[in-house]
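Inspection log for the structure reproduced underneath, given as structure tokens.
The values are calculated or read from the model by the stated rules, or taken from the named source; none is laboratory data. Remember, predicted model here, so these are calculated numbers, not experimental data. FYI the Cβ positions are ideal-geometry reconstructions off the backbone, even for glycines, and counts take in every protein chain you see.
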Amino acid sequence: MRRMRILTAAQMREVDRRTTERFAIPGLLLMENAAARSTEAIEATFGPQAGRFVRIVCGTGNNGGDGAAVARQLWTRGAIVDVLVLGRVDDTKGDARTNFDVVVALAGLCDRLGVREIETSDDIWSDTTEPDLYVDAIFGTGLSRPAEGIHAEAIELLNARGDCPLVALDLPSGLASDTPWPIGPHVRADLTVTFTAPKLACVLPPASEACGRLVTAAIGSPDDLLEESGARLSLVTSEAVDAWLAASRRTRDAHKGSVGSVLMLAGSLGKTGAAALAAHAAVRAGAGLVAVATSRSVQPALAAGAIAEVMTEPLDELPGGGLGPGALERVRELLKGRTVAAIGPGLGTADATRALVHDLVLARERPLVLDADALNCLAPWPEGIRGSAELPIVVTPHPAEMARIAGSQTDEVVRDRVVAARGFADRHGVIVVLKGAGTVVAEPNGITYVNPTGNAGMATGGSGDVLTGLVAGLLAQRPREPLEAAIAGVYLHGLAGDLAAAETGTRALAAGDLIAHLGRAFLAVGGDAERP
């Protein structure tokens, strides 16, 4: 998949430097392009700004220079613009100084553009006139310590804006670009226009929640420089998922045997719903055949609760619970006719089940998707089990499950999900889908992806089971592409949740709503639409 790289502050500075040195694109032009793209995003989101009053709060660094250039762009479009400089214009340098000098000169010639130097707290709060739009251009990506003094007060002013929309340039001021954890007081924006590439704080919560809607704007740095940046973190895009789905579109002569099949080992007493949700999602993902192997005693209930398109197979079980000695051989027989196996949803963790899961994974003959109780059965992860290109393993833990299989603590995983996912993937040769807001997908070579879709309504029982089935169904159709199947599954899962939430809200969202909206999610991405 084509990657939209997520850059650190240092990588971004290096890209800017090489853009100027190698390609002779001056920094002033990059700043002008940033302002033009920001102005376009402002008007695309909030409508034309002609006749509207915009207040732009600028620092004295390059982000402030971006703000000064945006002020001029908006002024040329008929806006009334008030520029607040936190400090003195004489303190600015380089390209920023050029743009500040322009707006100061224009302010002396017209009555729709004003520049005020803010040096005290009283100066910040002296004008109580409410604008129609605020623009934050205080720090951008250059901050590494908490905002304080007049800058912290300016952030407080911006956050006290009421219903007035606020746009942040590059990154909401007060956030540090390289961490998802806020380091101090920070702007809470409605729209963030980030330049060239997303930054970590733009895409991972809780910091990303301060960004509002995120727009990534190309400002002139060649793609080759992004390729050379060394960035190992990328943002999943609709375009990349579209391209992968388009490449796997069914031909007219497709039949159920040619588009992959899934065997699920799932369900136990009281947990048949998890198996049914996962199986239904695999069907909706496009797998030609889906069957669920489950304990003999619960198979009738599962068969009655699952959709008509899903087959069920009874397995031997022990009187005290857990799968019996005959279950392993039966599952192996069933796998001979399947493309992919998915293990875990609602399976249970009885000792006999743990042993069966371990033996199946260790001696696997098909690509695997492991979730929920499959991961609990394997925890801590056995050193002898390692994925491979021929027989890939995709694991889909939430943070607590990740901690169990990795032998760490949940708070350690939550503190840095990228490091946790990347480290486990590399150690064990598996694809890791670490679930949560901004789900992280890691492959063994250290390349890691962050998913932008999904919402808080998906924090509900069964949502993870739907993801398991969706990934398994996609992988069944392209079993040699586990990373792409995982990325597409995560993106479509979140998109289905977003489409469902648009109709029901987040509070009433249920896992079944995700399945109901999967078809719309495929069509929204585009790769599944019929094309001439």
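Considering each of PRO397, PRO452 in turn, give the residue that is within 16 Å of LEU370 (Cβ to Cβ) and either of a type in the set (Asp, Glu) or under 18 Å from the mean Cα position of the chain (by Cα) (or both).
Exactly one of PRO397, PRO452 is within 16 Å of LEU370 (Cβ to Cβ) and either of a type in the set (Asp, Glu) or under 18 Å from the mean Cα position of the chain (by Cα) (or both), namely PRO397.
Which condition number does ALA293 fail, the rest of (1) surrounded by fewer than 24 Cβ atoms within 10 Å (Cβ to Cβ); (2) in a strand (DSSP E or B) being met?
(1)
Among GLY174, GLY162, GLY212, GLY184, which is within 30 Å of TYR134 (Cα to Cα) and either at pLDDT below 95 or not assigned by TED's automatic domain parsing to the domain that holds SER126 (or both)?
None of the other options fit; the residue is GLY162.
Condition (residue is touching a Pro at 6+ places or on another chain (Cβ under 9 Å), on the phi < 0 side of the Ramachandran plot and in a helix (DSSP H, G or I)) applied to the stretch 505-516: is it met by at least one residue?
The answer is no, given that none of the residues of the stretch 505-516 is touching a Pro at 6+ places or on another chain (Cβ under 9 Å), on the phi < 0 side of the Ramachandran plot and in a helix (DSSP H, G or I).
Every residue, every condition in (1) under 23 Å from HIS517 (Cα atoms); (2) out of contact with any Gly (no Cβ under 8 Å at 6 or more places or on another chain), yes or no:
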| position | (1), (2) |
| --- | --- |
| ALA274 | yes, no |
| HIS280 | yes, no |
| ALA301 | no, yes |
| ALA306 | yes, yes |
| PRO314 | no, yes |
| LEU318 | no, no |
| GLY322 | no, no |
| LEU328 | no, yes |
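For VAL70, state whether it is outside any helix (DSSP H, G or I), crowded, with 24+ Cβ neighbours inside 10 Å and either more than 25 Å from the chain's Cα centre (by Cα) or outside the structural domain of THR98 (by TED's automatic domain parsing) (or both).
Criteria not met by VAL70.
Restricting the stretch 35-58 to residues that are in contact with a Pro (Cβ under 7 Å, 6 or more places away or on another chain) and of a type in the set (A, V, I, L, M, F, W, C), which is nearest to ALA217 (Cα to Cα)?
So, considering only residues that are in contact with a Pro (Cβ under 7 Å, 6 or more places away or on another chain) and of a type in the set (A, V, I, L, M, F, W, C), the one nearest to ALA217 (Cα to Cα) is PHE46.
Residues ASP111, ASP90, ASP127: which one is in the same structural domain as GLY27 (by TED's automatic domain parsing), in a loop (DSSP other than H, G, I, E, B), without any contact (Cβ under 8 Å) to a residue 12 or more places away in the chain and out of contact with any Pro (no Cβ under 8 Å at 6 or more places or on another chain)?
ASP111
For the stretch 298-318, which positions are among the hydrophobic types (A, V, I, L, M, F, W, C) and in a strand (DSSP E or B)?
Hits for the stretch 298-318 are VAL310, MET311, LEU315.
Taking only the stretch 133-177 into account, find how many residues are assigned to a loop (DSSP other than H, G, I, E, B) and either buried (at least 16 other Cβ atoms within 10 Å of the Cβ) or of a type in the set (A, V, I, L, M, F, W, C) (or both).
19
How many residues, within the stretch 459-476, are buried (at least 22 other Cβ atoms within 10 Å of the Cβ) and either without any contact (Cβ under 8 Å) to a residue 40 or more places away in the chain or over 14 Å from THR396 (Cβ atoms) (or both)?
Residues that pass the stated criteria total 1.
Conditions tested, residue by residue: (1) farther than 18 Å from ALA247 by Cα; (2) touching a Leu at 6+ places or on another chain (Cβ under 6 Å); (3) in a helix (DSSP H, G or I); (4) among the small types (Gly, Ala, Ser).
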{"site": "ASN445", "(1), (2), (3), (4)": "yes, no, no, no"}
{"site": "VAL471", "(1), (2), (3), (4)": "no, no, yes, no"}
{"site": "LEU475", "(1), (2), (3), (4)": "no, no, yes, no"}
{"site": "ALA486", "(1), (2), (3), (4)": "no, no, yes, yes"}
{"site": "TYR491", "(1), (2), (3), (4)": "no, no, yes, no"}
{"site": "LEU495", "(1), (2), (3), (4)": "yes, no, yes, no"}
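Which helices (runs of 4 or more DSSP H) does the stretch 215-285 wholly contain that include 3 or more residues that are under 24 Å from the mean Cα position of the chain (by Cα) and surrounded by fewer than 20 Cβ atoms within 10 Å (Cβ to Cβ)?
Result: 223-227, 238-247.
List every residue pair whose Cβ atoms sit under 8 Å apart, with the two residues 6 or more apart in sequence or on different chains, where the first one lies in the stretch 1-30 and is within 19 Å of GLY140 (Cβ to Cβ) and the second, anywhere, is part of a loop (DSSP other than H, G, I, E, B) and of a type in the set (Lys, Arg).
Once the first residue is within 19 Å of GLY140 (Cβ to Cβ) and sits in the stretch 1-30, its partners that are part of a loop (DSSP other than H, G, I, E, B) and of a type in the set (Lys, Arg) give ILE6/LYS199; LEU7/LYS199; THR8/LYS199; ALA9/LYS199; MET12/LYS199.
Looking at ARG386, is it more than 21 Å from GLY469 (Cα to Cα), at pLDDT 95 or above and either touching a strand residue (DSSP E or B) at 6+ places or on another chain (Cβ under 7 Å) or not assigned by TED's automatic domain parsing to the domain that holds LEU474 (or both)?
no
Conditions: (1) at pLDDT 95 or above; (2) over 26 Å from GLY162 (Cα atoms); (3) over 37 Å from the mean Cα position of the chain (by Cα). ASP95 meets all but one. Number of the miss?
Evaluating ASP95 over (1) at pLDDT 95 or above; (2) over 26 Å from GLY162 (Cα atoms); (3) over 37 Å from the mean Cα position of the chain (by Cα) leaves (3) as the failure.
Among (1) touching a residue at least 24 places away in the same chain (Cβ under 8 Å); (2) within 15 Å of ALA486 (Cα to Cα), which single condition is LEU378 missing?
(2)
Could you tell me whether ARG338 is within 24 Å of ALA306 (Cβ to Cβ), in a loop (DSSP other than H, G, I, E, B) and charged (D, E, K, R)?
When the stated conditions are applied, ARG338 passes them.
Within the stretch 209-229, which residues are more than 25 Å from GLU32 (Cβ to Cβ) and in contact with a Ser or Thr (Cβ under 9 Å, 6 or more places away or on another chain)?
Hit for the stretch 209-229 is ALA210, nothing else.
Tell me, which residue of the stretch 178-207 that is touching a helix residue (DSSP H, G or I) at 6+ places or on another chain (Cβ under 6 Å) and not hydrophobic (A, V, I, L, M, F, W, C) is surrounded by the most Cβ atoms within 10 Å (Cβ to Cβ)?
Result: THR194.
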